[in-house]
Amino acid sequence: MAQPAVPAAGSSAITPISAKAIAPWAVFFGVLMLVLLYFVGAEQGATALISGEGVHEWVHDGRHLLGFPCH
Amino acid sequence: MNSISVRALLVRGMLAGLIAGAFALAVAYFLGESRVDAAIALEETHSHDHGGGEELVTRTMQATGGLATGVLVFGVAAGGIAALVVCYALGRIGRFGPRATAALIAGAALLTVYVVPFLKYPANPPAVGNPDTIGKRTTLFFLMVALSVLLAVAAVIIGKRLAPRLGNWNATTAAGAGYVVVIGLAYAFLPSFDEVGKDFPASLLWEFRLSTLAVQTTLWTVFGLVFGYLTERVLAPAARTAPSRVANSVH
């Protein structure tokens, strides 16, 4: 898994993007993406933010075939 | 590099995720749907309580529009998150170019987010799984995903720390072995569920689970390749034009 760094000697080494530049994007879009994943993978299963069965029934096949626990 | 390239990579990650989702959708439709239908047919011969009366969404809609919504939204969201991870990993995990970094992150995502949790809590077709335990099964599935991802991140950090002392190969092996041991302990100590009915065909269960693996493998493979290509195109021109800019400023 780990691919440890080698001291950058060649000109091919990429300059890392600073964590400060990534942070605002990661916080806002990371959360947004996780909310999307929640609605596809888990809403109206074990937990429900919206009442009823509509979301669960609509994404039912996708949820099974993406490997989420469905019912 | 600045936040403009983060935005550029995020947009491309979501686009690559959408393309990957389209490939995964084709696999899900052609490999998976027949197994879902077969499982639902078995479910209906045994009990009539599922769905209770009128159908909210017809089977046809579930297998087409519903399936497409689920897989494509998953692709875009997973692609966006993976793109942010690649943004951070670029230039930090060794001397890998954009394409190799994207491929490594996609491979790591398939392994840690899907394969490792799947080996403990495999996907179940309709008719398999006790509705009374859905809360517990959902919690443990997401716990396993979180544990796997966090341990993989820890393994990368520890591997980087060990590299100066052990060398790259041995440090990577040691960190990988540590990941496997801790995951093995989680497999051993977290509760398991065996809720497959006695008369549910073993071959159908196997084929269904293999199709879910095919869907995820397709998604992450296509994502890694497409996103790697797009990332290379964003970052490579900057590297190529940099020397000429220097040359211009000299004039």
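Measuring r between the beta carbons of A:Y38 and B:D37 and using R0 = 25 Å, the FRET efficiency lands at 0.40. Estimated purely from DSSP H runs of n ≥ 4, each contributing -39500 (n - 2.57), the mean residue ellipticity at 222 nm for the protein assembly as shown is -23000 deg cm²/dmol once divided by its residues.
Comparing Cα centroids, the range B:92-165 and the range B:174-227 end up 10 angstrom apart. Cβ-to-Cβ counts within 10 Å put B:V36, B:V153 in ascending order as B:V153, B:V36, the fewest first.
Measuring how big chain B is from its alpha-carbon positions, Rg and Dmax come out at 21.9, 83 Å.
Take each residue in B:80-89, count the other chain C-beta atoms within 10 Å of its C-beta, and the mean is 5. Ordering B:D132, B:D37 from the fewest to the most neighbouring beta carbons within 10 Å gives B:D132, B:D37. Computed from label points 7 Å out along Cα-Cβ, the spacing between B:A22 and B:L56 is 3.1 nm.
From the largest down, the protein assembly as shown spans 80, 41, 33 angstrom on the principal axes of its Cα atoms. The GNM of chain B, with springs linking C-alpha atoms under 10 angstrom apart, assigns the highest mean-square fluctuation among B:L111, B:L56, B:L42 to B:L56. Of the DSSP H helices in chain B, those that are both long (alpha-carbon extent of 15 Å or more along the helix axis) and hydrophobic (Kyte-Doolittle mean at least 0.5) are B:3-27, B:67-89, B:98-109, B:134-166, B:168-189, B:202-250.
Read-outs throughout are calculated quantities, based only on the coordinates presented, and are distinct from any laboratory measurement. Since we're looking at a predicted model, the values are computed, not measured. All Cβ positions, even for glycine, are placed from backbone atoms using ideal geometry, and neighbour counts span all protein chains on display.
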